[in-house]
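Written out below as structure tokens is the structure these notes cover.
The values are calculated or read from the model by the stated rules, or taken from the named source; none is laboratory data. Bear in mind that the values here come from a model prediction, so they are computed numbers and not experimental data. Cβ atoms come from the backbone with ideal geometry, glycine included; neighbour counts cover every protein chain shown. With ligands, DNA and RNA removed, areas are computed over all heavy atoms of the protein, side chains included. Shrake-Rupley method; radii C 1.70, N 1.55, O 1.52, S 1.80 Å.
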Amino acid sequence: MADRIEGVKKLFTSKSARVETNMGDAHYEKLFQSCQARIEELKTQTPRENRLDIDSFLDDQGVNRRDFMKWASAVTGMLMLPSSFTPLVADAALLMNRAPVIWLELSDCAGNTEAILRSDGPKIDEILLDIISLEFNETIMAASGHQAEKQLEDAIHTFKGKYLLFVEGAIPMGLDGQYGTIGAHAETFYDHLMRISKDAAAVVAVGSCATFGGVPAASPNPTQAVGVMDVLKGKPLINIPACPANPANMVGVIIHYILTGQVPELDSLLRPKFAFGYRIHDNCERRAHFDAGEFVEEWGDHGAKHNHCLYKVGCKGPMTFNNCSIIRYNEGVNWPIGVGRGCIGCSEPDFWDKYAHERPISSVNIKAPTGGVEKTVDEFGLGLLTAASIGIGIHAVASVIAGKTENKEY
Amino acid sequence: MNNTDVEYDDKLGSKRVRVRRMTFTMRLIHWVNVVSMIVAIATGLYIAEPYYQTLIADDAVDKYVMAWNRWGHFIVAIIFDVTAIIVSYLFFFSRFEKHYLKIIPNKKNIIEFWEVFLNLILLNRRKKFDSSHNDSFNAIYFIVFHIMLAWMLFTGLQLYVHALASGDSSIGAWWPWMLHLVTDWTIPFSSWLVGTTATGGNIMDVRIVHHMSMWIIIVWVLFHIYYQIWRTIFWQEGDIAIVVGGSKFMKVGSDGNKKVEDK
Ligand code: HEM
Ligand code: HEM
Ligand code: SF4
Ligand code: SF4
């Protein structure tokens, strides 16, 4: 009950997607001081296994200092900090291996792990994610079986209360969680998550499955999958949805954490506002065609060849909050709408059922509130209208007949 | 109803009297609502799925088809806003006919509601209520409309406020702030109506519900128009004239109507 009241309160006080881009000089002054102090302190600590000097590692990857500083100033902008913070952000990036990260995989496709590992010409974001102090990640670590479990125990023990827990994938709750188990002891995903999150400094849910249930939770949701925020209470939680979550946003969150020691400002769905405070539609290069009413009617037509708006082939940009229209994917090369297919709203709850269609939502079959048959809203409406018209027709005819036989006198 | 609202019409003889039912303002609001509703439906459906082909002409200088449709939709939305506020004021404070007196569930109103309903489904063979004033049945029916209109306003403004993602607007930050405050509840409510398997409501549900509610309003309008015409034909009191000239006729002392003393 207290939870509910809290929820309702939040509902009415949250600023939803509102983004505060300028908090005033005094605020930044203070923030700068505290961040600087924090960075200095971190610099004195040595990472557990001082595996590499990030500076030279970046150099090896073909990233020179100049590129790196350009990237740092872009990240500063993304995090909505004044440009004076750029050197601090650069420092924080070089200290990324001081942030121990444990990465869990639950009901998922490992797409987010893939996203951070993209090897074909990785961008600085991906390189940095490679060298964070990833203490445990089933997909990419060498250890397996009991060894892996041991490594996890070690990591939890060594970094108690300090590590960031990244969670990828939904949590199946059906059958007492037996749809997903892990390890030799067949620990359910739910128990696994609960045990490992207990000593985490903060939990970051990456990808749409870990945040809102995503594809595993799509209707009819046979395993009763849910997102982390449904089951985890009393821990700082950051949601980074999208399918996959953009590596730039993961780096943003980690850097923000290193820099300030805090979670960034979140919206009502616990998504960092620096990343999810923008609507796709408002930063889309095809928006002029939307306003002009020029649409791709079908794949490959005149409109498609002329980069017209993808609304009629199902773009859900008007209902989707994400920054991929600004920072894009793969070294900022391109993004879905840029390559000519609509947004499927991957960063929104329920996206698989309500966004990922190649038609506008009004012509998509959705479940009637009563369950059962699937209809488009217009079919539903026309059905309602037909039923009403038939009723009215019967009533009209009956009235006329009754009126004749009765033959009242006025 | 007091007698000042009753005017004798000599041409009709003493059996019928003219009763005033809607003031000029009320009629004006009515027809503004009708026009707005037609525009809202036409533009709303275009926004949902642009239904006319716009590639007919080459790219032209002032081609803002979607923009104009959205503009039109918002303008009628604002008109609805304003009339909704006036109507809810009149609802309680009108010096003419106080509608809220008709929806209080007291014995008199329940009986009247029931009698009007019986009159409708028994095809006017039974009429045991006074049809000179606004009856409880119609009063409730109109309330239903106003609730649906308010619902459209809330869901519509929720959809609208998302275009103001920056939290600012041309008239200041208070505007999106206020809209979030008053309309954010429609998200979980819509999700509950549509049904969701995910955590956290989403705006798409609001949009689906906004669209669905439009159809329910259309059905409301259909029956409303039918019912007013039906009354006009079968009651023979010129009911439809209420919304045109503001008054109807009442058959004195018959069909459950009250008697009125001769002047
Ligand atoms: C979009 C279409 C329409 C809507 C939303 C609508 C709505 C309403 C509302 C809310 C009222 C109650 C007004 C009040 O008491 O203050 C009303 C009354 C009335 N309307 Fe409409 N209306 C529509 C179309 C029409 C049309 C086309 C006609 C004519 C055939 C009509 C005839 C009437 C009449 C005669 C009344 C007065 C009923 C009475 O007082 O007993 N309406 N309408
Ligand atoms: C009462 C009459 C109204 C009707 C019949 C109506 C109908 C519609 C329909 C059918 C849609 C398309 C939904 C879809 O995509 O499936 C729509 C969209 C919309 N309506 Fe309404 N609406 C009404 C009132 C309002 C009001 C009062 C507002 C308040 C501002 C509003 C704001 C919107 C917005 C913002 C959209 C989405 C447009 C976009 O995303 O670009 N509507 N409306
Ligand atoms: S392509 Fe999608 S996001 Fe871009 S303008 Fe069209 S509807 Fe909006
Ligand atoms: S365009 Fe839409 S569906 Fe595609 S990545 Fe961006 S938010 Fe996700």
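Taking the stretch A:258-272 as the search range and keeping residues that are among the hydrophobic types (A, V, I, L, M, F, W, C) and farther than 20 Å from A:Ala90 by Cβ, which one is nearest to the other protein chains (Cβ to nearest Cβ)?
Among those that are among the hydrophobic types (A, V, I, L, M, F, W, C) and farther than 20 Å from A:Ala90 by Cβ, it is A:Leu269.
Inspect the stretch B:218-233 for any residue being touching an Asp or Glu at 6+ places or on another chain (Cβ under 7 Å), buried (at least 19 other Cβ atoms within 10 Å of the Cβ) and not aliphatic (A, V, I, L, M) and give the result as yes or no.
Yes: the stretch B:218-233 contains one or more residues that are touching an Asp or Glu at 6+ places or on another chain (Cβ under 7 Å), buried (at least 19 other Cβ atoms within 10 Å of the Cβ) and not aliphatic (A, V, I, L, M).
Select from the stretch A:300-325 the residues that are small (Gly, Ala, Ser) and either crowded, with 24+ Cβ neighbours inside 10 Å or in a loop (DSSP other than H, G, I, E, B) (or both) and write down the one among them that is farthest from ligand 4 (Cβ to nearest atom).
Ranking the candidates gives A:Gly300 first.
Taking the residues in the stretch B:1-58 that are farther than 20 Å from B:His224 by Cβ, surrounded by 17 or more Cβ atoms within 10 Å (Cβ to Cβ) and among the β-branched types (Val, Ile, Thr) as candidates, determine which candidate is modelled with the lowest pLDDT.
B:Val6
What residue, among those in the stretch A:326-359 that are more than 14 Å from the chain's Cα centre (by Cα) and among the small types (Gly, Ala, Ser), is nearest to ligand 2 (Cβ to nearest atom)?
Residue satisfying both the conditions and the ranking: A:Gly342.
If I ask for residues that are more than 9 Å from ligand 2 (Cβ to nearest atom), more than 7 Å from every other protein chain (Cβ to nearest Cβ) and of a type outside the set (Val, Ile, Thr), which ones from the stretch B:206-227 would you list?
B:Trp220, B:His224, B:Tyr227
Would you confirm, using the coordinates I've provided, whether B:Gly167 is without any contact (Cβ under 8 Å) to a residue 24 or more places away in the chain and at positive phi?
yes
Name the residue that is farthest from ligand 1 (Cβ to nearest atom), counting only residues in the stretch B:145-166 that are facing chain A (nearest Cβ under 9 Å) and more than 18 Å from B:Leu193 (Cα to Cα).
It comes out as B:Ser166.
Restricting the search to the stretch A:250-294, which residues are in a loop (DSSP other than H, G, I, E, B) and over 21 Å from the mean Cα position of the chain (by Cα)?
Residues satisfying the conditions are A:Gly261, A:Glu285, A:Arg286, A:Gly293, A:Glu294.
Of everything in the stretch A:292-319, what is closer than 19 Å to B:Val161 by Cβ and more than 8 Å from ligand 3 (Cβ to nearest atom)? Give them in sequence order.
Across the stretch A:292-319, the qualifying residue is only A:Met319.
If I filter the stretch A:326-346 for residues that are open to solvent by less than 10 Å² (accessible area, probe 1.4 Å), more than 12 Å from ligand 3 (Cβ to nearest atom) and more than 7 Å from chain B (Cβ to nearest Cβ), do I get at least one hit?
No, there is no match, as no residue in the stretch A:326-346 is open to solvent by less than 10 Å² (accessible area, probe 1.4 Å), more than 12 Å from ligand 3 (Cβ to nearest atom) and more than 7 Å from chain B (Cβ to nearest Cβ).
So how many residues does the stretch A:172-215 have that are more than 12 Å from chain B (Cβ to nearest Cβ), of a type in the set (Phe, Trp, Tyr) and more than 21 Å from A:Lys160 (Cα to Cα)?
1
Just to verify a result, which residue in the stretch A:277-291, among those that are open to solvent by less than 30 Å² (accessible area, probe 1.4 Å) and within 14 Å of ligand 2 (Cβ to nearest atom), is farthest from A:Asn334 (Cα to Cα)? Spell out how you get there, then give the answer.
At the first step, the residues of the stretch A:277-291 found to be open to solvent by less than 30 Å² (accessible area, probe 1.4 Å) are A:277, A:279-281, A:284, A:286, A:290.
With within 14 Å of ligand 2 (Cβ to nearest atom) added as a condition, the list becomes A:279-281, A:284, A:290.
Details: A:Arg279: 17, A:Ile280: 14, A:His281: 16, A:Cys284: 12, A:Phe290: 20 Å.
If we take residues in the stretch A:277-291 being open to solvent by less than 30 Å² (accessible area, probe 1.4 Å) and within 14 Å of ligand 2 (Cβ to nearest atom), then A:Phe290 is farthest from A:Asn334 (Cα to Cα).
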